[in-house]
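Inspection log for the structure reproduced underneath, given as structure tokens.
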Amino acid sequence: MKKPEIRYLDDMRMVLYDKKWAKKAPNFELYYMYRGVKKKRDLRYDITIIPPRMLGKEFPKTKGHYHPKNSKKIFDEAVELYGILNGQAIFLFQKTKNKFIKDVFAIKAKKGEFVVILPEFEHITINPIKKKLILENWIFEKTKSEYSRLEKMKGACYFYTKSGWIKNKNYKFVPKVRFEKPLKEIPKDLEFLKRDVQIFR
């Protein structure tokens, strides 16, 4: 397997809930991204490993990003597919306009379940249990990731902590988070990642 791209605490301090802890904590490795483990035509297969180390009062998570829409009509919808290989995950999705959240939902998934990522929805992945989380994902290779919106807002609209979900006060309006179900299986043909599909709409 290729060497991983490593996300460090220094890359994440601005998006964490527990600012007091983040200010004093030494820099350390948070999670590991093995990109391009294999390829299938213009789809790329990655592995991500998130250890169960708490971020102060907050559960371990990814930094978060969104996938801008491609200018062409095709590739406008689903662009990424995640599967759980080990542990459990919570995927938090939000759609933002300025500092207002237009939509926010979460999906809890366990080993053997899948989650589709849509463009324009910012998303983070959370490891909510004391067990290593291992994710697989297929992504259209030309898809880009944008981190700046979540950096500017100092995180997603919700933080998942020991006390449960806590709203990020940097947003002007945040609706109550709702929950959607993961997929139990996926099509054998992954070309759906490049077609105009609609899920969770």
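The values are calculated or read from the model by the stated rules, or taken from the named source; none is laboratory data. Not measured: the values here are computed from a predicted model. Backbone-built Cβ (ideal geometry, glycine too); neighbour counts: all protein chains shown.
Filter the stretch 1-50 down to the residues that are part of a helix (DSSP H, G or I) and closer than 25 Å to GLY83 by Cβ and list them by number.
Result: ASP11, VAL15.
Taking the stretch 28-47, which residues are out of contact with any Lys or Arg (no Cβ under 9 Å at 6 or more places or on another chain) and on the phi < 0 side of the Ramachandran plot?
Hits for the stretch 28-47 are LYS39, LYS40.
What tally of residues in the stretch 1-43 results from selecting those that are surrounded by 12 or more Cβ atoms within 10 Å (Cβ to Cβ), farther than 12 Å from THR62 by Cα and among the aromatic types (Phe, Trp, Tyr)?
Within the stretch 1-43, residues that are surrounded by 12 or more Cβ atoms within 10 Å (Cβ to Cβ), farther than 12 Å from THR62 by Cα and among the aromatic types (Phe, Trp, Tyr) number 3.
Identify all residues within the stretch 48-82 that are surrounded by fewer than 19 Cβ atoms within 10 Å (Cβ to Cβ), under 13 Å from the mean Cα position of the chain (by Cα) and at pLDDT 95 or above; write none if there are none.
Within the stretch 48-82, ILE49 is the sole residue that qualifies.
Going through GLU120, GLU141 one at a time, which residue ends up being at positive phi and surrounded by fewer than 19 Cβ atoms within 10 Å (Cβ to Cβ)?
Only one candidate passes the filter, namely GLU120.
Against the conditions (1) part of a loop (DSSP other than H, G, I, E, B); (2) of a type in the set (Ser, Thr, Tyr); (3) within 24 Å of GLY56 (Cβ to Cβ), where does THR143 fall short? Just the number, please.
It fails just one condition, (3).
If you go through the stretch 123-138 one residue at a time, how many are closer than 18 Å to GLY164 by Cβ and surrounded by fewer than 20 Cβ atoms within 10 Å (Cβ to Cβ)?
Adding up the residues that qualify gives 3.
Given (1) more than 26 Å from SER163 (Cβ to Cβ); (2) touching a residue at least 24 places away in the same chain (Cβ under 8 Å), where does ARG41 come up short, assuming only one miss?
ARG41 satisfies all of (1) more than 26 Å from SER163 (Cβ to Cβ); (2) touching a residue at least 24 places away in the same chain (Cβ under 8 Å) except (2).
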